[in-house]
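Below is one structure, written out as structure tokens, with a few remarks after it.
The values are calculated or read from the model by the stated rules, or taken from the named source; none is laboratory data. Keep in mind that what you see is a predicted model, and the values were worked out from it rather than measured. Glycine gets a Cβ as well: all are built from the backbone with ideal geometry, and neighbour counts include every protein chain shown.
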Amino acid sequence: MSVLNAERVSAKHKVIIKILRNAHFKVNLHRFAIMKGLNILISMAAVIFLASCSTTRVLQDGEYRLARNRITVDDPKEFNVNKLEPYLKQKPNSYFIFGWNPFLNVYNWSNGKGKGWDRFVQKIGVAPVVYDPDMVDSSIDNLKNHLTYLGYYGSKVTSDISVKKKRVEVTYNVDLGKRFPIKEIEYRLPAKGPFAEAFLKDTSNMTVQPGDWLSESSLDAETVRSSAVLRNEGFYSFNKNYYFFEADTLSVPDSAILQLKINEYTRNESPRDAKPLRKFYINDVSISYPKSLKFRDKVLKDLTTIYPGQIYSADEINRTYSRLSALKVFSSVNIGMNQVDTNKVDCSISLAQSKLQGFKINLEASINSTGLFGVSPQISYFHKNIFRGGEWLNLSFMGNFQFKFNNAIRSNEFGVSAGLSFPKFFPLPYRYFTGAVPRTDVKFSYNYQSRPEYTRNIISTQYGYTGNIDNKFFYQAFPLQLNIVRLPYLNDSFINSLVNDPFLRNAYQDHFDLGSGATLYYTTNPESIPKSTYFYSRLQFDIAGNMLSAFKPLMNMDENGAGMIWNTPYSQFVRAELTLGRTWIFGRNSGQSVATRFLAGAGYAYGNSSTLPFEKHFYAGGSNSLRGWQARTVGPGLSPMDTSFVIPNQTGDMRLEANIEYRFDMFWKVAGAVFIDAGNVWTLKDDNTEEGKLAMFRWDTFAESIAANWGVGLRLDFGFLLLRLDMGMKVHDPARDTKWINPGEWLTKGNYALHFGVGYPF
């Protein structure tokens with residue numbers, strides 16, 4: 001249009017040309033405005049940050065920020081100073097990035113007016129800890145008392161104060177007191193009888209023995225241990241307050257003679273309150289629950305390990321509590337004991353009903369700058385008492401739809417699943433388990449996928465067990481997993497495109513998998529909404545085809561030499577995926593946290609298979625992955641987008657990914673987030689093609705093949721429901737010739753994506 005000769009066009013055409021030129025100018029002006037505004041914001045943020053590097057600007061005259069505490073001891077090899085840090089009354093602000101806390105700097109953006117901007121930055125920032133000399137004196141007293149508790153008698157603690165500008169460093173100098181080894185332990189027990197016999201039988205297991213250092217801490221720990229042992233021997237009301245200790249440090253120089261005395265009254269009682277220490281027995285056991293709850297009594301009796309005539313045992317009470325709580329049918333489990341005779345107690349178990357059934361809805365949606373829209377709804381129904389014995393029923397429907405507006409080409413996926421979980425480990429009886437009984441799970445699912453290139457049906461079934469240990473270690477073990485995959489339709493052009501791509505060609509064929517799998521999960525905080533810093537790890541493992549390979553000599557073979565059953569090759573592979581995560585939560589009410597995640601996974605086909613089945617491939621991108629991309633649009637490796645697929649479907653044999661996200665409260669129920677995602681997928685086998693070399697994992701191109709993005713997000717947190725909107729912008733794109741993306745291109749076509757989801761991404 002720009003080369004048109006204005007003299008050779010009509011006036012009407014001139015008007016059209018003028019309009020088009022103006023429109024083009026406006027578009028460019030709009031883009032220029034966005035870029036300029038973005039650059040201004042970045043520059044302003046940099047200026048403000050540099051101007052607020054001081055972490056003491058908001059302090060008043062005469063105030064100092066406590067920058068550091070240090071504890072020194074006269075013999076650091078003998079004593080771990082970390083034991084003393086919790087007893088300091090005043091502690092400096094925490095650091096988590098190379099000795100730097102950026103939230104201190106944010107707090108100093110305050111202008112001192114106490115509202116508006118001040119309230120905002122003080123909400124997301126952290127106030128400096130103001131040095132208090134009275135707290136130092138209290139800390140010294142605390143340290144002395146605790147050292148005495150640890151067995152260092154007569155310890156001395158002094159402090160040195162160092163002031164530099166507006167910062168204070170406090171050094172606590174510890175002169176450890178004298179310690180006394182235990183030369184001899186004397187026992188003074190009630191008259192001979194069941195209690196004395198039970199106690200003396202356990203003395204070899206005592207954690208305090210002759211030769212150990214005398215300390216109140218070790219004695220306290222031993223009383224807790226041994227009283228628990230004695231309660232399990234039937235001594236119902238026995239506790240650590242029945243113990244009395246006397247230490248003689250004068251009879252033998254530099255040593256102590258320890259006298260352990262157990263009276264028939266506690267430290268809070270007097271001799272006239274003395275009662276014989278007797279073994280107690282269970283007299284009667286009663287179980288009560290709401291009449292509206294229809295539950296089979298036999299199941300409750302099978303799970304209860306407390307019986308009439310049984311010796312009282314605290315372990316059996318805890319075991320019963322753990323088993324009944326694991327049913328998830330009861331909102332609370334209360335086990336009470338009532339003394340009805342000199343040596344008998346009645347046990348009453350009271351159960352409160354929880355919500356037994358309901359629906360769960362999850363929704364994820366995303367759109368990128370090319371106009372590709374994706375939405376993934378999921379709805380589930382659960383019933384936790386379907387057969388009146390704590391059996392769980394789970395029914396689920398899911399969908400995954402990708403399309404472009406004003407375009408008939410789309411990808412559709414539907415899935416249904418049904419699962420039953422029984423509160424029993426078939427075929428073993430309950431008595432084989434000391435705690436919560438593992439559950440037996442049976443699952444069935446069907447998945448239908450319709451894409452322009454193919455149609456696929458997947459039928460799956462699983463049989464296995466789930467359980468936990470101490471509510472921190474959870475496991476799922478499936479000794480039987482079966483997947484049957486059928487592709488009734490393959491587009492001719494798609495088939496032709498796979499001729500020279502063995503990685504994909506062998507992945508897109510009818511097959512079935514017969515194998516086993518397991519998931520192991522560990523967390524330091526099992527709460528549904530943790531309120532303190534926690535760590536978690538998850539390991540998923542699958543193996544298939546090994547059992548069938550033993551019968552391969554009896555099978556028919558296809559043209560590639562693969563064994564077949566019912567004219568269908570079976571898959572043989574191993575696949576594992578490890579996830580590590582840690583979330584730092586700052587303060588109880590600050591609303592700030594930093595969440596991190598690292599993920600590594602790999603799969604390897606062997607024996608009867610040359611490639612992994614497609615459904616076992618790894619992919620990256622999406623609302624819970626690299627958020628600058630949509631799902632299945634990253635990699636593999638340095639590969640450009642595969643044109644064989646109308647809608648992107650990039651996958652690989654291996655995946656590495658790392659994420660970090662800073663979360664902060666803003667106002668009302670609105671929170672914000674800033675995040676960085678990095679990673680990719682790769683293939684592991686060389687197919688001797690140029691495209692294969694680009695997709696393959698190689699150390700010499702590893703850094704170059706890492707995709708990275710940054711982004712911002714908004715969260716609407718209602719407590720029971722969290723809605724999430726994330727915008728990710730590409731920083732490094734391995735598929736581009738020029739891989740680093742300038743800030744001015746972050747908001748241009750193809751370089752950003754929007755994601756909507758329910759819950760946190762990790």
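Of the residues K294, K328, K279, which is within 21 Å of E391 (Cα to Cα) and surrounded by 16 or more Cβ atoms within 10 Å (Cβ to Cβ)? K328 is the lone residue from the list that is within 21 Å of E391 (Cα to Cα) and surrounded by 16 or more Cβ atoms within 10 Å (Cβ to Cβ).
Name the residues in the stretch 304-329 that are under 15 Å from S350 (Cβ atoms) and touching a residue at least 60 places away in the same chain (Cβ under 8 Å), would you? The answer is S325, L327, V329. Of the residues making up the stretch 527-547, those that are in contact with a Ser or Thr (Cβ under 6 Å, 6 or more places away or on another chain) and of a type in the set (S, T, Y) are Y534, Y536. Of the residues that sit in the stretch 559-593 and are closer than 16 Å to I484 by Cα and in contact (Cβ under 8 Å) with a residue 12 or more places away in the chain, which one is surrounded by the most Cβ atoms within 10 Å (Cβ to Cβ)? Step by step, filter the stretch 559-593, then rank; the result is S571.
Report the residue count in the stretch 387-409 for those that are part of a loop (DSSP other than H, G, I, E, B) and over 18 Å from L303 (Cα atoms).
Here is the first cut: in the stretch 387-409, the residues part of a loop (DSSP other than H, G, I, E, B) are 387-391, 405-409.
With the extra rule that they be over 18 Å from L303 (Cα atoms), the set shrinks to 405-409.
Number satisfying all stated conditions: 5.
Restricted to the stretch 469-483, and to residues there that are in contact (Cβ under 8 Å) with a residue 40 or more places away in the chain and assigned to a strand (DSSP E or B), the residue that is surrounded by the fewest Cβ atoms within 10 Å (Cβ to Cβ) is F473.
Among the residues in the stretch 139-147, are any loosely packed, with under 15 Cβ neighbours inside 10 Å, polar (S, T, N, Q) and within 30 Å of R70 (Cβ to Cβ)? Break it down into steps so the answer makes sense when it comes.
So in the stretch 139-147, the residues loosely packed, with under 15 Cβ neighbours inside 10 Å come out as 141, 145.
Keeping just the survivors that are polar (S, T, N, Q) gives 145.
Next cut, within 30 Å of R70 (Cβ to Cβ) only: 145.
Yes, some residue in the stretch 139-147 is loosely packed, with under 15 Cβ neighbours inside 10 Å, polar (S, T, N, Q) and within 30 Å of R70 (Cβ to Cβ).
Here is a yes/no grid of residues against (1) among the hydroxyl-bearing types (S, T, Y); (2) in contact with a helix residue (DSSP H, G or I) (Cβ under 9 Å, 6 or more places away or on another chain); (3) surrounded by fewer than 15 Cβ atoms within 10 Å (Cβ to Cβ):
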site	(1), (2), (3)
K165	no, no, yes
V168	no, no, no
Y172	yes, yes, no
G177	no, yes, no
E184	no, no, yes
K192	no, no, yes
E197	no, no, yes
V208	no, yes, no
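Here P640 does not fit the description of being outside any loop (DSSP other than H, G, I, E, B), on the phi < 0 side of the Ramachandran plot and modelled with pLDDT under 95. For the stretch 735-762, a residue qualifies if it is in contact with a Pro (Cβ under 9 Å, 6 or more places away or on another chain), outside any strand (DSSP E or B) and not charged (D, E, K, R), and exactly one does: A735. Is it the case that the stretch 168-191 has a residue that's assigned by TED's automatic domain parsing to the domain that holds L260, free of Cβ contacts under 8 Å to residues at least 12 places away in the same chain and more than 40 Å from the chain's Cα centre (by Cα)? Yes, that holds for at least one residue. Regarding the stretch 258-268, can at least one residue be identified that is polar (S, T, N, Q) and more than 47 Å from the chain's Cα centre (by Cα)? Looking for residues that are polar (S, T, N, Q) and more than 47 Å from the chain's Cα centre (by Cα), one finds at least one in the stretch 258-268, hence yes.
A single entry from G672, G711 fulfils the requirement of being modelled with pLDDT of 95 or more, assigned to a strand (DSSP E or B) and either in contact with an Asp or Glu (Cβ under 9 Å, 6 or more places away or on another chain) or of a type in the set (K, R) (or both): G711.
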